[in-house]
Amino acid sequence: MSIDWSAPWLAPWRDRGESVAQSVRAGVAQSAALNQAALAPVCFVPQSELPPGMAYEQYIFDTGRVPTRDGLHDFFNGLVWQAFPLTKKRLNALQAAQIERSGIQPVRGPARDALTVFDENAALLRAPDALWDALVAKDWQRLFVDLRPLWRQAHLVLFGHALMEKLVSPRKSITAHVYRVVVDDPSIASMDAWLALDLNADKLTAKPFAHLPVLGVPGWWSENEDPAFYRDDSVFRPPKTGSAVGAQPLD
């Protein structure tokens, strides 16, 4: 398990992550290693415990047990369960409600798709209005160059476990679905409590996300010190005509 814990985007995850990774390297099964800290409201179990034909999300909802494979994807999922227990329980309950309503279909409906996008690829941003507005507008020059000093007032925390897995091998094109959090205290505990109350299927189905190539975040990648970094239209794409994200203005 080769993870560069000095990466700035992993700073909120380093303490708990290094501990679990050390246990895995010592030969402890990944599910057992995630259980050692007893920080999550669920129990991690080997993937083989998931009954054939049963939906993963439904099994977690019914049993409080999370089928876990070896590897980075489920490793980061376990860390998110530890850090955001209220939000993960809320997402799981919303998924279970969709399954109860529509059953398991060959193609997920829009609500389950949106819940999965959040779970897998979300990043949480607490930021001044000017930064959020520029991000929504995909005004990359304003967001990253003109307003660069304002990033010192922002807090960006990765949530999606697939997003964190991808960033183990960072590349410029990796893009997060950013969800704005409106909290006075930028701690993970405060974000967790707020999200557990804020998230619902209808809101997520409306796609309240802004797209952010995460290596553009000031301080996260040395190459972005050069303004030319943001002129790569294959990554920092201009907005599509008529595209918009529902803003969540600060009070």
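Observations on the model:
- Within the stretch 83-140, the set of residues being over 17 Å from residue 182 (Cα atoms), among the acidic types (Asp, Glu) and over 20 Å from the mean Cα position of the chain (by Cα) comprises 100, 139.
- All positions within the stretch 208-242 that are loosely packed, with under 15 Cβ neighbours inside 10 Å and either among the basic types (Lys, Arg) or in a loop (DSSP other than H, G, I, E, B) (or both): 219, 226, 231, 232, 233, 234, 237, 238, 239, 240, 241, 242
- Among residues of the stretch 84-98 that are free of Cβ contacts under 8 Å to residues at least 60 places away in the same chain, those with a beta-carbon under 7 Å from a residue that is basic (Lys, Arg) at least six positions away or on a different chain give the pairs 95/112.
- When the stretch 20-40 is limited to residues that are of a type outside the set (A, V, I, L, M, F, W, C) and closer than 19 Å to residue 88 by Cβ, the one that is surrounded by the most Cβ atoms within 10 Å (Cβ to Cβ) turns out to be 30.
- Residues being small (Gly, Ala, Ser), without any contact (Cβ under 8 Å) to a residue 40 or more places away in the chain and in contact with a strand residue (DSSP E or B) (Cβ under 8 Å, 6 or more places away or on another chain) - total across the stretch 142-173: 1
- Per-region count, the stretch 52-72, residues closer than 17 Å to residue 92 by Cβ and either in a loop (DSSP other than H, G, I, E, B) or charged (D, E, K, R) (or both): 6
- Matching residues in the stretch 159-182 - criterion: being more than 24 Å from residue 226 (Cβ to Cβ) and assigned to a strand (DSSP E or B): 177, 179, 180
- Matching residues in the stretch 186-219 - criterion: being small (Gly, Ala, Ser), more than 23 Å from residue 144 (Cα to Cα), out of contact with any Gly (no Cβ under 7 Å at 6 or more places or on another chain) and in contact (Cβ under 8 Å) with a residue 12 or more places away in the chain: 193, 196, 201
- Among the residues of the stretch 186-205, those identified as outside any helix (DSSP H, G or I) and modelled with pLDDT of 95 or more are 187, 199, 200.
The values are calculated or read from the model by the stated rules, or taken from the named source; none is laboratory data. Computed from a prediction, not measured in an experiment: that's the story for all the values here. No Cβ is skipped: glycine too gets one built from the backbone with ideal geometry, and neighbour counts run over all protein chains shown.
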